[in-house]
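Below is one structure; the comments refer to it alone.
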Amino acid sequence: MATIIDGKAVAAKVRSEVASEVAKLSQAGKRIPCLAVILAGDNKASEVYVRNKKKDCAEVGFVSREIDFDNDVTESELLKTIAELNADDGVDGILCQLPLPKGIDENTVLRAIDPCKDVDAFHPYSAGLIMQGQPEFLPCTPAGIMRLLDEYAIDVIGKECVIIGRSNIVGKPMAQLLIARSATVTVCHTKTSDLAFHTKRADVIIAAAGKAGLVSGDMIKDGAVVIDVGMNRDANGALCGDCDYESCAQKASFITPVPGGVGPMTRAMLLINTMTAYNKH
Ligand code: NAP
């Protein structure tokens, strides 16, 4: 039976590390790091994500600012707000919660964020630095996964790592971080002709497809490390990942649960990025 990778516990550890840095700043009478979050539209999931981000900021002692817009916000209004936040010395990190309302070009908006304040690391400048192996900010989900691997002393050097998914926010940067750690990386996607062929030979599987039940125990080898990024709803409406937990846990050496695995780490790494932005500021 696999060791369960406890993302909640590691995320709590990260938060306490950040909180102790903030406490030192406060004791020294220094300015406190500030994260600005833009929430545009009335997406219920986005509202929950933003609420959680503000809660995390409060827990570690950061200042957080929320800038809300209705569904009918224009691209130029968003760009104007971002320009103001870019110029504001009291703001260290800027995050624009996705998705944005229809008609707004996400790329244009994300590219307007000053790369020095790009705590989501979605700006092409941040992505380019990651590709060159000299990142300033790491995208929160892949960075959280690397931290989990480190916490559980899972060495990836020379290991076969198979990533399912090639999105800009998870799959691609995950591949870059694993390459930087000298893993041998395969990236699968919907056009991959035989997914099981790849997963069966993987030492580490990172499933980030958003498809419940995509990876079952018969698709992994004994002792594989299974990192489940997926966030899906099962037939009963319960949160579940991309991997069939029961059958994979029988064969894996380590596995992340959903919920309680990668999700809490994504939130925690945003705090690290905000602290990094503050320190660079
Ligand atoms: P995305 O942009 O929709 O990308 C999904 C990727 O998976 C695509 O590259 C797609 O291939 C691939 N894919 C989909 N179905 C597949 C299949 N049957 N076989 C092989 N590949 C398949 O999603 P994302 O933003 O990367 O997120 C992926 C999942 O992670 C979602 O469930 C999301 O909610 C979750 N997520 C969780 C966290 C967290 O903190 N836990 C953070 C971010 C995302 P194509 O490119 O060919 O379409």
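Each of residue 1 and residue 68 was given a label point 7 Å from its Cα along the Cα-to-Cβ line. The distance between the two points is 4.5 nm.
Distance from the Cα centroid of region 13-64 to that of region 245-281 is 17 Å (rounded to whole angstrom).
If you restrict to DSSP beta bridges whose two residues both lie in the chain, what percentage is antiparallel, to the nearest 5? Once the DSSP bridges in the chain are tallied, antiparallel ones form about 5 percent.
For the pair region 172-228 and region 102-118, the centres of their Cα atoms are 30 angstrom apart. Along each principal axis, taking the top coordinate minus the bottom one, the Cα set of region 70-218 gives 51, 31, 23 Å in descending order.
Axis of helix 7-27 versus longest Cα principal axis of the chain: the two differ by about 30°, to the nearest ten degrees.
Computed from label points 7 Å out along Cα-Cβ, the spacing between residue 182 and residue 8 is 3.7 nm. For residue 221, the lysines whose Cα comes closer than 21 Å to its Cα, not counting residues fewer than 8 places off in the same chain, are 159, 200, 211, 251. Considering only beta bridges that DSSP places wholly inside region 134-281, some 10 percent are antiparallel.
With the convex hull of the Cα atoms taken as the outline of region 116-183, the averaged projected area works out to 4.4 nm².
Name the most mobile residue of 56, 203, 234, meaning the one with the largest mean-square fluctuation, in a Gaussian network model of the chain with Cα contacts below 10 Å. Looking only at 56, 203, 234, the biggest GNM fluctuation is shown by 234. What you get for the chain, charging only the Cβ of Lys and Arg (+1) and of Asp and Glu (-1), is a dipole of about 480 debye around the Cα centre. Percent of alpha carbon pairs in the chain separated by more than 28 Å? In whole percent, the share of Cα-Cα pairs in the chain beyond 28 Å is 38. The charge dipole of region 28-153, taken about its Cα centre with unit charges on the Cβ atoms of Lys, Arg (+1), Asp and Glu (-1) only, comes to about 320 debye.
Only the coordinates and a few stated rules stand behind these numbers; no lab work does. It should be emphasised that the depicted structure is a prediction, and the values quoted were computed from it without experimental measurement. A quick note on method: Cβ atoms are made from the backbone with ideal geometry, for glycine too, and the neighbour counts reach across all protein chains shown.
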